[in-house]
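K.L.:
One structure, pasted below without further comment.
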Amino acid sequence: MNVGSVIRHKAEGMRENFANAAKQGFHHCQLVGWTPELWTAENAEEIKALIAEFNIEITAFWRGWAGPRCWNFTEGPETLGIVPVAFRAMRVQNLLDGAAYARMLGVQDVITHMGFIPENMSDPNYLGVAAAVKVIATELKKYDQNLLFETGQDPPVVLLRLFEEVNTGNLFINLDPANLIQYGKANPIDALDVFGDYVRGVHAKDGFYPTNGKELGREVKVGEGKVNFPVFLKKLKELGYDGSLTIEREIKGEQQLIDIIATQAYLQNLIDQM
């Protein structure tokens with residue numbers, strides 16, 4: 001395993017972003033992009049030049065989608081991912097465009113949040129989501145690309161069920177252990193018993209369970225929340241995972257960098273001990 005970072009794809013400052021990651025000692029990253037207008041051949045060439053200059057591998061392209069997004073239990077089901085019917089067609093196209101941009105970058109794995117997938121298999125919306133996922137996955141498979149579902153909104157068994165039903169062979173998990181806890185969906189260590197064979201990416205993030213029925217649990221620095229990282233990493237290794245632990249600290253300001261650097265050292269120490 002290795003420790004990676006998140007680099008956000010923006011209209012300006014990309015050279016500084018890559019330079020800072022290299023200065024901090026990172027050689028792997030997930031590139032995160034929420035703006036389809038930036039997914040151009042010209043920008044792809046710039047990013048590839050930065051990859052070569054700073055010796056940083058993009059392990060996956062985390063791509064978002066247009067329209068509203070509310071990270072809570074009230075508006076979230078109606079705004080996140082491809083689950084809301086009102087946004088589905090537009091967002092399927094966003095995801096296909098993101099995959100095309102990833103190909104320009106030479107990146108095989110593409111990641112997103114799909115939304116609150118219905119747990120009831122007879123729900124008409126579940127069938128619609130499954131059909132949309134199959135369209136995306138089938139297109140990506142033509143180019144040997146994989147579609148990774150970021151954990152959070154869904155119980156692990158729902159993702160397992162959908163993967164089995166779509167059955168394209170290129171659906172995988174980007175396991176964010178904190179998200180599973182913050183959404184109150186699962187203990188991430190136990191979740192590996194359900195979908196461990198599908199884990200192809202991991203976010204290093206920590207947090208607490210929800211304390212009310214409308215808002216997510218609180219995110220904290222890795223090692224200070226409910227994710228037991230020593231046990232979590234040990235189980236990942238037992239399952240054969242040997243990819244990146246991509247640090248994601250979702251706060252702003254100076255404390256974000258302080259926590260990222262501390263997490264980098266913490267995780268590397270755990271890896272060295274395994």
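K.L.:
Which ³J(HN,Hα) values, rounded to whole Hz and listed in residue order, are derived for the stretch 60-70 from phi using the Karplus coefficients 6.51, -1.76 and 1.60 in 6.51 cos²θ - 1.76 cosθ + 1.60 with θ = phi - 60°, glycine and proline given as x?
P.N.:
Per residue, the Karplus-derived 3J(HN,Hα) values read 6, 9, 8, 10, x, 8, 7, x, x, 8, 10 Hz.
K.L.:
Can I ask one more? Determine the relative contact order of the stretch 2-273: mean sequence separation of Cα pairs under 8 Å and six or more apart, normalised by residue count, in whole percent.
P.N.:
Values: 509 pairs, mean separation 43.6, N = 272.
So the answer I get is 16 percent.
K.L.:
Enumerate the residues in the stretch 62-85 having an amide nitrogen under 12 Å from the point lying 7 Å beyond the Cα of residue 125 toward its Cβ.
P.N.:
Only 74-85 pass the distance filter.
K.L.:
In whole Hz, what ³J(HN,Hα) sequence does the stretch 240-255 give by Karplus (6.51, -1.76, 1.60; θ = phi - 60°), x for Gly and Pro?
P.N.:
For the stretch 240-255, the Karplus curve yields x, 6, 9, x, 7, 9, 8, 5, 10, 10, 9, 10, 10, x, 4, 5 Hz.
K.L.:
Among the listed pairs 23/234; 23/237; 134/185; 10/252; 205/252, give every one whose C-alpha distance is greater than 18 Å.
P.N.:
Correct reply: 23/234; 23/237; 134/185.
K.L.:
Mind running the shape call on the stretch 128-274? Use the C-alpha gyration tensor, a ≥ b ≥ c as the square roots of the eigenvalues: rounded below 1.5 for a/c, prolate if a/b tops b/c, oblate otherwise.
P.N.:
Working: a/c = 1.83, a/b = 1.48, b/c = 1.24.
It comes out prolate by the Cα gyration axes.
K.L.:
Run down the aspartates and glutamates and flag those whose C-alpha is under 17 Å from the C-alpha of residue 214, throwing out any fewer than 8 positions away in its chain.
P.N.:
Those aspartates and glutamates meeting the cut-off are 75, 78, 154.
K.L.:
As an exercise, use a Förster radius of 51 Å and the Cβ-Cβ distance of residue 74 and residue 52 to find the FRET efficiency, rounded to the nearest 0.05.
P.N.:
Here the calculated transfer efficiency is 0.70.
K.L.:
While we're looking at this one, here's another question. Check residue 57: other-chain or 5+ apart residues with amide H under 5 Å from its amide H, H built from backbone geometry?
P.N.:
When sequence neighbours closer than 5 places are left aside, the close amide H contacts are 28, 29.
K.L.:
Can you list residues whose amide H is under 5 Å from residue 3's amide H, if they're 5+ apart or on another chain and H is modeled 1.01 Å from N?
P.N.:
Correct list: 245.
K.L.:
I've got another one for you. Select from the stretch 1-83 those trypsin sites (Lys or Arg not before Pro) which occupy a DSSP coil region and have at most 16 other Cβ atoms within 10 Å, ordered by residue number.
P.N.:
Answer in residue order: 10, 69.
K.L.:
Between residue 272 and residue 34, what's the calculated FRET efficiency when r is the beta-carbon distance and R0 is 51 Å? Round to 0.05. Intermediate results must be reported in sequence, preceding the final value.
P.N.:
Working: r = 35 Å, r/R0 = 0.68.
With a Förster radius of 51 Å, E is 0.90.
K.L.:
Can you compute the FRET efficiency between residue 41 and residue 2 using 1/(1 + (r/R0)^6), with r the Cβ-Cβ distance and R0 = 22 Å? Round to the nearest 0.05. Before the final figure, lay out each step's value.
P.N.:
Numbers: r = 29 Å, r/R0 = 1.33.
Approximately 0.15, to the nearest 0.05.
K.L.:
Expressed as a whole number of Å, what is the distance separating the alpha-carbon centroids of the stretch 6-81 and the stretch 93-126?
P.N.:
16 Å
K.L.:
Using the Karplus equation 6.51 cos²θ - 1.76 cosθ + 1.60 (θ = phi - 60°), what ³J(HN,Hα) coupling, rounded to whole Hz, does each residue of the stretch 178-190 give in order, writing x for Gly and Pro?
P.N.:
The phi angles translate into 5, 4, 4, 6, 5, 8, x, 9, 5, 7, x, 5, 5 Hz.
K.L.:
For residue 141, list the aspartates and glutamates whose Cα falls under 13 Å from its own Cα; do not include residues on the same chain fewer than 8 positions away.
P.N.:
Excluding near neighbours in sequence, the set is 109.
K.L.:
Report the GluC sites (Glu not before Pro) located in the stretch 32-105 that are in a DSSP loop and have at most 13 other Cβ atoms inside 10 Å of their Cβ, or state none. Spell out each step's value before the answer.
P.N.:
Values: sites: 37, 42, 45, 46, 53, 57, 75, 78; in loops: 75.
For GluC sites (Glu not before Pro) across the stretch 32-105 that sit outside H, G, I, E and B with at most 13 neighbouring Cβ atoms in 10 Å, the list reads 75.
Read-outs throughout are calculated quantities, based only on the coordinates presented, and are distinct from any laboratory measurement. This one's a predicted model, so the numbers in the text were calculated from it and none came from an experiment. Neighbour counts run over all protein chains shown; Cβ positions are idealised from the backbone, glycine included.
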